[in-house]
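Participant: Dropping the structure in here first, questions after.
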Amino acid sequence: MKTKEILLIAALSAMVTPAFAQTPDIDEIWAIVQQQQGEIDALKTELAIADEQLADANLKIEATGDYLETVVVPTGESTTQIRGYGELHYNNLNAQDSARDLEQIDLHRFVLFFGHEFSDKINFFSELEVEHSLAGDGAPGEVELEQAYVDFALTDNLSVKTGLFLIPVGTTNETHEPPTFYGVERNSVENVILPSTWWEAGAALSGHFANGLSWDAALHSGLAIPTTGGSAFRVRSGRQKVAEAIASDAAYTVRLRYTGVPGFNVGASYQYQTDASQIAGDGLDAGKLFTVNAGYDVGPFSIKGLYARWDFDGVAVEAADADTQTGWYVEPSYRFSTLRGDWGIYGRREDVEGGRTQDHFTQTEFGLNYWPVDNIVFKIDFRQRDHELTSEAGRDFDGFDLGFGYQF
Amino acid sequence: MGSKSLISLVFVVSIALYGALAIAAPGVYQTRTEFLQEALGTEKPDSDVVWMNAELRNVVTKVLGHPPAMLRMRYWYDASRTAWIIDEIGKEKPITLGIVVENQEIQSFSVLQFRESRGWEIRYPFFTNQFAALRLGKSRSMSQDIDGISGATLSVRAATRSANLALVLDEYTKRRTQAAATTR
C-alpha cells in the first residue's frame, strides 16, 4: 500500500470513529424518548387550548356577525319596507294643427311604496305619488295616494283586503312600474277606456288555486262621470280618487285569471257601476265594464293584448252616442340579452272609441327599450295617431317620445 | 238591499271570516325545520356558513343585481347535497325560498314564505318545476331561461336570482372543501 493511501484511510477513520463513539446506549435513548414525549404532551395541551380558543373565537365571530346583521346590514327581514319607482318623459309630437304640437319634458311620476308586515298574515301596502313633479295651486302636478290597504291572509289561498286599492282590470292598472312595459307612455286603451291608474276604496276577496287559476271579487266606491261640459261621459273624468268621494252608489268588480302555464296568461273582468254618475235621474245610470286580456311569451318573443268595453244605461248618454265605449290593443315584442343589458323592440296597434269625439282614434307605434339592469329602463318610441272624425283631424299627430324609468 | 247596507254586510262578514280563519291560517307554507327535514332527512343537519369576503361579495352582487344584505350565508349539508334558505325581495317584501343542490344541479326548489301583494303563482309546481336540474351556465348565470308569469315579473326574478345564488354558493363551498383537502 502506498503511503498516500495509508494516510487517506487513517484520515477517514479519524472522521468516522467519533460517531461510533457518540451512539447513545439504551438508557440515553429512553431519556430522549421521555423528553420528546414530554414535549409532545405539552404541544398537545397547547393545541387543545388553541382549539378551545379557536372555537371560542368562532363563537364570538358568529355572535358579532349576528349582531352586525341586525344593526349594520340592510336586511330584508325588516317589517317595514320602502320601495319606489319613477319615470321621466320627453314628448316631441307634431300635430296636424300646429297649435297642438307638443314638445315638453316632464317628470311624470315619482312614487314611493311603504309597506309594513304586522304579522305573517297581516300586511299593509301603500303607494304615494307625485305626478308632474310640482303640486299645488296652479301647478301641473298632484300628490296622490294610489294605494293604502291592509291585506289579511285568511288561508294559504284566500285573502281579504280593505282600504284604498287598485281595481283588478286590464294589463297595467296593477303593475305599471316603467321597466315592466314598453313605450314611454302607457297604452291609450288603459287611459281612455280604463282610467288607469284607477283606484277605489272598499273591500276585496282574492283566492287562487294550485293550477294557476285565481279570482278577485271587490266591492268599492264608484265613478262619478260628468254628464255635461267638455268632459261629458268621459270615463277618466269620473275618477274621484277617494278624495271626499261621493259614495251614493257602489260598484262591484270580479276578475278571473289563469296563469298556470309559465309564459301564458289570460284574464277577464266584469264591473258593475250602480250609477256611473252618482246622481239619479241625470241620464247616466248603470255602467257595465267587460275586459279580457291575454299574453304569451315564447323564448324572446312575446305578444299581449287587451279588449275593454263599457255599456252605459241612460237617455243622456245614449243621446250623446257615448253609451258604448270600447278599445283594444295588441303588442308583439322581442327581447334579447347582451353583455351590457337587455334590449327589447316592440310594436303596438290601438283602436279607441271613447266618450268624447276626440277619443275616437287609432294609434300605431313602435319603439325600443333598453334595460342596463332589470330595474332601470331607457325608452324611445315613434307614434302616429289618426282620429276617426274629420272634425278632430287637427289632433292627428306623429312624433317620438324619449323616456327613462326605474324601480327599486 | 242598498249599497250602504251591502257595504256594511261585507265589512262585518269580512271581519267574521277573518276571525274564524285566522287561528288556523298558517301564513307560512313550509317552516325552515320542515324544509330541512324534507331536504336532508333530518331536522338538524350539519351546517356551516359562507362568509361574504370581498371576492364572493362581488360575485353575489352580480348574481343578485344588488349587494348581499348579509355578512354570511348559512347552509346545511349532507354527503352529497347542500340546502339553502334565501330571502330575496321581489317588489316590496322578502320571499323566503328553500333550494337544494346536488351534483351542481338544483334538486328541489320551493317557496317557504311569500309576503308580496302579488306574484303568489311562483309557489306552485307549474312554476317551480322549471328549476329542476338547472345548473350554472355561462358567466355563472342559469343554464336555462325561466319562463315568466304576467303580473309576477318581480317575484319570478327574485326566485330566479335566488336559485342562481344557491348554485353559485354551492360551487363555492365545493371549491373551498377541495382546497382544504388539498392543503391537508
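Participant: Would the stretch A:79-100 turn up any residue that is surrounded by 11 or more Cβ atoms within 10 Å (Cβ to Cβ), modelled with pLDDT under 90 and either of a type outside the set (D, E, K, R) or not in a loop (DSSP other than H, G, I, E, B) (or both)? Before you say what the answer is, go through the steps one by one.
Facilitator: Within the stretch A:79-100, the first condition is being surrounded by 11 or more Cβ atoms within 10 Å (Cβ to Cβ), and the residues that meet it are A:79, A:81-97, A:100.
If we keep only those that are modelled with pLDDT under 90 too, we end up with A:79, A:81.
Narrowing further to those that are either of a type outside the set (D, E, K, R) or not in a loop (DSSP other than H, G, I, E, B) (or both): A:79, A:81.
Within the stretch A:79-100 (the criterion being surrounded by 11 or more Cβ atoms within 10 Å (Cβ to Cβ), modelled with pLDDT under 90 and either of a type outside the set (D, E, K, R) or not in a loop (DSSP other than H, G, I, E, B) (or both)), the answer is yes, since at least one residue qualifies.
Participant: Related question: Suppose we keep only residues that are in contact with a helix residue (DSSP H, G or I) (Cβ under 6 Å, 6 or more places away or on another chain) and not in a loop (DSSP other than H, G, I, E, B) within the stretch B:128-151. Which one would you say is surrounded by the fewest Cβ atoms within 10 Å (Cβ to Cβ)? Walk me through how you get there before you give the answer.
Facilitator: Initial filter on the stretch B:128-151 (in contact with a helix residue (DSSP H, G or I) (Cβ under 6 Å, 6 or more places away or on another chain)): B:131, B:136, B:140, B:142, B:146, B:148-149.
Now narrow it down to the ones that are not in a loop (DSSP other than H, G, I, E, B): B:131, B:136, B:140, B:142.
On the way: B:Phe131: 24, B:Leu136: 17, B:Arg140: 14, B:Met142: 20.
Once the filter is applied, the top-ranked residue is B:Arg140.
Participant: Does A:Glu200 meet the test of being part of a helix (DSSP H, G or I) and modelled with pLDDT of 95 or more? Before the answer, list the steps.
Facilitator: On the way: part of a helix (DSSP H, G or I): no; modelled with pLDDT of 95 or more: yes.
No: the conditions fail for A:Glu200.
Participant: Just one of A:Val16, A:Val33, A:Val72 is modelled with pLDDT of 90 or more, β-branched (Val, Ile, Thr) and surrounded by fewer than 11 Cβ atoms within 10 Å (Cβ to Cβ); which is it?
Facilitator: Working: A:Val16 fails: modelled with pLDDT of 90 or more; A:Val72 fails: modelled with pLDDT of 90 or more.
Just one listed residue meets the conditions, A:Val33.
Participant: Give the number of residues within the stretch B:97-117 that are without any contact (Cβ under 8 Å) to a residue 60 or more places away in the chain and surrounded by 19 or more Cβ atoms within 10 Å (Cβ to Cβ).
Facilitator: Looking only at that region, the number is 4.
Participant: On to the next question. I'm checking my understanding of the structure. Among residues of the stretch A:270-294 that are within 13 Å of chain B (Cβ to nearest Cβ) and more than 21 Å from the chain's Cα centre (by Cα), which one is surrounded by the fewest Cβ atoms within 10 Å (Cβ to Cβ)? Step through it out loud before you land on a result.
Facilitator: Step one: list which residues in the stretch A:270-294 are within 13 Å of chain B (Cβ to nearest Cβ), which gives A:272-275, A:278, A:280, A:286, A:293-294.
Subsequent filtering for residues that are more than 21 Å from the chain's Cα centre (by Cα) retains A:272-275, A:278, A:280, A:286.
On the way: A:Tyr272: 15, A:Gln273: 27, A:Thr274: 17, A:Asp275: 25, A:Gln278: 22, A:Ala280: 9, A:Ala286: 15.
Among those residues, the one meeting the criterion is A:Ala280.
Participant: Another question about this same structure. Would you please name the residue that is surrounded by the most Cβ atoms within 10 Å (Cβ to Cβ), looking only at residues in the stretch B:30-84 that are of a type in the set (Ser, Thr, Tyr) and in contact (Cβ under 8 Å) with a residue 60 or more places away in the chain?
Facilitator: Here is the first cut: in the stretch B:30-84, the ones of a type in the set (Ser, Thr, Tyr) are B:31, B:33, B:42, B:47, B:61, B:75, B:77, B:80, B:82.
Retained after the next criterion (residues that are in contact (Cβ under 8 Å) with a residue 60 or more places away in the chain): B:31, B:75, B:77, B:82.
Numbers: B:Thr31: 13, B:Tyr75: 22, B:Tyr77: 20, B:Thr82: 26.
This residue is B:Thr82.
Participant: Sort out which residues of the stretch A:274-288 are touching a helix residue (DSSP H, G or I) at 6+ places or on another chain (Cβ under 9 Å) and either assigned to a strand (DSSP E or B) or within 16 Å of A:Ala319 (Cβ to Cβ) (or both), and write them in order of number.
Facilitator: A:Ala276, A:Ser277, A:Asp282, A:Gly283, A:Leu284, A:Asp285, A:Gly287
Participant: Determine if the stretch A:166-175 includes at least one residue that is closer than 24 Å to A:Tyr370 by Cα, without any contact (Cβ under 8 Å) to a residue 12 or more places away in the chain and within 15 Å of the chain's Cα centre (by Cα). Break it down into steps so the answer makes sense when it comes.
Facilitator: Residues of the stretch A:166-175 that are closer than 24 Å to A:Tyr370 by Cα, as a first pass: A:171-175.
Within this subset, residues satisfying the condition of being without any contact (Cβ under 8 Å) to a residue 12 or more places away in the chain are A:174-175.
Next, from what is left, pick out any that are within 15 Å of the chain's Cα centre (by Cα): A:174-175.
Within the stretch A:166-175, one or more residues are closer than 24 Å to A:Tyr370 by Cα, without any contact (Cβ under 8 Å) to a residue 12 or more places away in the chain and within 15 Å of the chain's Cα centre (by Cα).
Participant: Would you confirm whether or not the stretch B:25-47 contains a residue that is at pLDDT below 80 and of a type in the set (A, V, I, L, M, F, W, C)?
Facilitator: Taking the stretch B:25-47 and keeping what is at pLDDT below 80, we get B:25-28.
Now drop any that are not of a type in the set (A, V, I, L, M, F, W, C), which leaves B:25, B:28.
Taking every residue of the stretch B:25-47 in turn, at least one turns out to be at pLDDT below 80 and of a type in the set (A, V, I, L, M, F, W, C).
Participant: What are the residues in the stretch A:239-261 that are closer than 19 Å to A:Asn293 by Cβ, at the interface with chain B (Cβ under 8 Å from one of its Cβ atoms) and surrounded by fewer than 21 Cβ atoms within 10 Å (Cβ to Cβ), if any?
Facilitator: A:Gly260, A:Val261
Participant: Scan A:Phe124, A:Phe181, A:Phe152 and give me the residue that is touching a residue at least 24 places away in the same chain (Cβ under 8 Å), of a type outside the set (Gly, Ala, Ser) and crowded, with 21+ Cβ neighbours inside 10 Å. Lay out the reasoning, then the answer.
Facilitator: Details: A:Phe124 fails: crowded, with 21+ Cβ neighbours inside 10 Å; A:Phe181 fails: touching a residue at least 24 places away in the same chain (Cβ under 8 Å).
Just one listed residue meets the conditions, A:Phe152.
Participant: Yes or no: the stretch A:317-330 includes at least one residue that is in a loop (DSSP other than H, G, I, E, B), closer than 24 Å to A:Trp199 by Cβ and either in contact with a Lys or Arg (Cβ under 7 Å, 6 or more places away or on another chain) or not hydroxyl-bearing (Ser, Thr, Tyr) (or both). Step through it out loud before you land on a result.
Facilitator: Pass one, the stretch A:317-330, residues in a loop (DSSP other than H, G, I, E, B): A:320-323.
The next check asks that each one be closer than 24 Å to A:Trp199 by Cβ; those that pass are A:322.
Checking the rest, the ones that are also either in contact with a Lys or Arg (Cβ under 7 Å, 6 or more places away or on another chain) or not hydroxyl-bearing (Ser, Thr, Tyr) (or both) come to A:322.
So far as the stretch A:317-330 goes, yes, one or more of its residues are in a loop (DSSP other than H, G, I, E, B), closer than 24 Å to A:Trp199 by Cβ and either in contact with a Lys or Arg (Cβ under 7 Å, 6 or more places away or on another chain) or not hydroxyl-bearing (Ser, Thr, Tyr) (or both).
The values are calculated or read from the model by the stated rules, or taken from the named source; none is laboratory data. For clarity, every value in this text was computed on a predicted model and none was experimentally measured. Note that we place each Cβ from the backbone using ideal geometry, even for glycine, and neighbour counts take in every protein chain shown.
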